[in-house]
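J.: Dumping the structure here so I can ask a few things about it.
Derivation of every value follows stated rules applied to the coordinates shown; laboratory data play no part. On a predicted model such as this, the values are computed, not experimentally measured, just so you know. Cβ: placed from backbone, ideal geometry, glycine included. Neighbour counts: every protein chain shown.
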Amino acid sequence: MGKRRKPSPPSRARMAVLTTAMAAGGAVLASGTAHAEPTPNLATVKEQVDKLNEDAEQAIEKYNGFQAKQQKLQGEANQIQEKVVRGQEAMNELRTRLGAVAADQYRTNGIDPSVQLMLDSDPAAYLERASVQNQVSDSQASLLKQAQDEQRKLDQDRAEATATLAALDSVGTQLAEQKKDIQTKLAQAQGMLNKLSAEDRAKINAQQNAEKAKAEAQQAAAAAAKDRASRSSDRPDMNAPVPSASGRAGAIIAFAQAQLGKPYGWGKTGPATFDCSGLTSQAYRAAGVTISRTSEEQWKDGPHVDRANLQPGDLVFFYDDLHHVGLYIGDGKMIHAPYTGKNIEVLPISVMPYKGAVRPA
């Protein structure tokens, strides 16, 4: 039996390869550790989440507009289709009467107009041929003319129904796309918040509350300064509005106050959840006034009011594209539905980029 050979020690070259591989592996591990996802910066996250919520609200108001248009088109389509059904029923009745006339002509004149009539989709063509052949009386001509007019209306109604249904399909597609866009933005915002610790999320809430308190303090200071200036003047300020919550304004504000604490719900008009324009439109409805569904359209629902002349019940708008609206309640404050994840609240109008106000008639 031969002697078992001991394994030869690794050569220098092999050792070099192993050493390099191990170093590389260590480098990979080190690299993986070095490139681990960093802890998100609190201020950056808050800024990005605020921007995503603002973008989502813009998309929500567009969604509301598409939804309102869809409802309008659906109502129009239903009415047109009912007209088509009634028109077809009237046309069927006329064709029955025309068939009786044609049968009578067949017996007296030896021709078969009923066959011609049934083969012609347009009664006018039959009317023209029958008139040339002196085969129709005045009463028969009147009946055929009536059938011709009824067929024309029926064709127009069918064409209108087809166009309206096509528009309805298009709006439905836009509605679905807008809904997807909203859901994406809200999911992104929630995803960013989920990466934060509970402590950091509490800090963000505290910052928001501090910003609200600061704005309220600034508003109170400005109101106090204005009051002192008014009392020290020899002449009363005749242009200064006197806040009043009676009558229509009282009903509007009472409705809004009853919704305080309810959650924001995009695309909703109550009763459990509201978005910003859903809250304002329903508050006005509670006072017996109908205004538009979206903030952009509500901007057109009445005369514009200077900020110095605001009165309780006025609609107050924010951002250049008018994607947010609230209800002014006096003392520089409003009731509004903020955004997903927040509840309906009272907030100074100075905390957002103020655009203007409207007092619906």
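J.: Between GLN257 and ALA213, what is the spin-label point distance in nm, taking each point 7 Å from the Cα along the Cα→C-beta axis?
T.: Modelled inter-label distance: 2.5 nm.
J.: Here's another thing I want to ask about it. Note down the net charge around LYS46, summing +1 for each Lys or Arg and -1 for each Asp or Glu among other residues with Cβ under 12 Å from its Cβ.
T.: -1
J.: Starting from the amide H of LYS262, placed 1.01 Å from N in the peptide plane, find each other amide H under 5 Å away whose residue is 5 or more places distant or on another chain.
T.: ILE344
J.: Oh, and also: Per 5 Å bin, what percent of the C-alpha pairs of region 271-322 does each bin hold, from zero upward?
T.: 4, 19, 29, 27, 16, 4, 1
J.: From the cross-link list LYS195/LYS333; LYS179/LYS355; LYS153/LYS268; LYS185/LYS300; LYS72/LYS262, which pairs have alpha carbons spaced over 32 Å apart?
T.: LYS195/LYS333; LYS153/LYS268
J.: Sticking with the crude label model, points 7 Å out along Cα→Cβ, report the distance from LYS153 to ASP50 in nm, one decimal please.
T.: Here the modelled spin labels are 6.1 nm apart.
J.: Charges only on Cβ, +1 for Lys and Arg, -1 for Asp and Glu: so what's the dipole of region 294-361 about the Cα centre, in debye to the nearest 20?
T.: 140 debye
J.: Please give the net charge around ASP157, taking every other residue with its beta carbon less than 13 angstrom from that of ASP157, where Lys and Arg add +1 and Asp and Glu add -1.
T.: Summing Lys and Arg as +1 and Asp and Glu as -1 gives -2.
J.: What spacing in nm lies between the two simple spin-label points modelled at GLN146 and ALA163, each 7 Å away from Cα in the Cβ direction?
T.: So the label points at GLN146 and ALA163 sit 2.9 nm apart.
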